[in-house]
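Written out below as structure tokens is the structure these notes cover.
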Amino acid sequence: MTEHHFYEPRNGHKTIPGLAHDPLNAIVAPRPIGWISTLSAAGVRNLAPYSFFSLYNYRPPIIGFSSIGWKDSVANATATGEFVWNLATRALAAAMNASAATVAADVDEFDLAGLEAAPSRMVAPPRVAVSPVSFECRLTQTLRLEGADGAALDTWLVLGEVVGIHIAPGLIEDGAYRTAAAHPILRGGGPADYFEIAEAARFAMRRPE
């Protein structure tokens, strides 16, 4: 049996000789990006990417993103009860990255990233107009995470029910959404790693009956 490196996260990854960077993000990767648009209570637009993001339920569809710190996206979604997820693609990678800048709450990241906003149908926050897929969401829960010892963390999980879905027609083929056709990007490990989903990476496998 291969002997593995082992460490306790509470003691830090550097207890393993030569492991200079925390490997957690690189192991749980690549991760889909929650590119979240919101409106503040005062109507200021906000747009920010979160790599702690996923789909949690089918019916009703529930998605969520997690923020380390009470950031504008969390504050806005919690105050207004609405947010929009926008698909980040290879063509939009630079704009997505620009929207990640740490700026004041009154700065509009749509303008900062040079992105046009499009109106949503079911919620007030706008969509990213050029994103090929957007989910309009109504907040269901804002949860403060806790450690195993019960101590509250400065990390917030925002969950929302998807009440409206926009899909570019070119992504549907033979009645099915083609994931790779949109060229979505996902966050990897390290300070700068991203991955693009491409058709060459696809393989088929059906679940056993």
Just name the residue that is farthest from residue 194 (Cα to Cα) out of those in the stretch 1-25 that are within 25 Å of the chain's Cα centre (by Cα) and not hydrophobic (A, V, I, L, M, F, W, C).
-> 9
Scanning the stretch 161-196 for residues that are assigned to a loop (DSSP other than H, G, I, E, B), aliphatic (A, V, I, L, M) and closer than 30 Å to residue 141 by Cα gives 168
Mind checking whether some residue in the stretch 106-123 is exposed (fewer than 15 other Cβ atoms within 10 Å of the Cβ), without any contact (Cβ under 8 Å) to a residue 12 or more places away in the chain, within 30 Å of residue 198 (Cα to Cα) and touching a Leu at 6+ places or on another chain (Cβ under 8 Å)?
-> no
In contact with a helix residue (DSSP H, G or I) (Cβ under 8 Å, 6 or more places away or on another chain) and more than 29 Å from residue 193 (Cα to Cα), is that true of residue 79?
-> no
Which of the residues spanning the stretch 41-77 are within 20 Å of residue 110 (Cα to Cα) and not in a strand (DSSP E or B)?
-> 41, 42, 43, 44, 51, 71, 72, 73, 74, 75, 76, 77
Residue pairs within 6 Å by beta carbon, gap of at least six or interchain, first lying in the stretch 74-97 and surrounded by fewer than 22 Cβ atoms within 10 Å (Cβ to Cβ), second acidic (Asp, Glu), listed first then second, are 90/196
Could you look through the stretch 79-112, keep only residues that are closer than 19 Å to residue 166 by Cβ and assigned to a loop (DSSP other than H, G, I, E, B), and pick out the one that is farthest from the chain's Cα centre (by Cα)?
-> 99
Are any residues in the stretch 160-181 surrounded by 12 or more Cβ atoms within 10 Å (Cβ to Cβ) and of a type in the set (Gly, Ala, Ser), and if so, which ones?
-> 160, 164, 168, 180, 181
Go through the residues of the stretch 116-124 one by one and say whether even a single one is in a strand (DSSP E or B) and either under 30 Å from residue 42 (Cβ atoms) or in contact with a helix residue (DSSP H, G or I) (Cβ under 8 Å, 6 or more places away or on another chain) (or both).
-> yes
Considering each of 171, 153, 115, 143 in turn, give the residue that is out of contact with any Ser or Thr (no Cβ under 8 Å at 6 or more places or on another chain), modelled with pLDDT of 95 or more and within 14 Å of residue 87 (Cα to Cα).
-> 171
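With respect to residue 38, determine if the residue is in contact (Cβ under 8 Å) with a residue 60 or more places away in the chain and in a strand (DSSP E or B).
For residue 38, the condition - in contact (Cβ under 8 Å) with a residue 60 or more places away in the chain and in a strand (DSSP E or B) - is met.
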When both residues are 6+ apart or on different chains and their Cβ atoms are under 6 Å apart, which pairs have a first residue that lies in the stretch 148-171 and is under 20 Å from residue 75 (Cα atoms), and a second that is of a type in the set (Asp, Glu) and assigned to a strand (DSSP E or B)?
-> 152/146
Being among the aliphatic types (A, V, I, L, M) and closer than 20 Å to residue 27 by Cβ is the filter here, so list the residues in the stretch 164-201 that pass it.
-> 185, 186, 192, 197, 201
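The values are calculated or read from the model by the stated rules, or taken from the named source; none is laboratory data. These figures come from a predicted structure and were not determined experimentally. Glycine also receives a Cβ, built like all others from the backbone with ideal geometry; neighbour counts cover every protein chain displayed.
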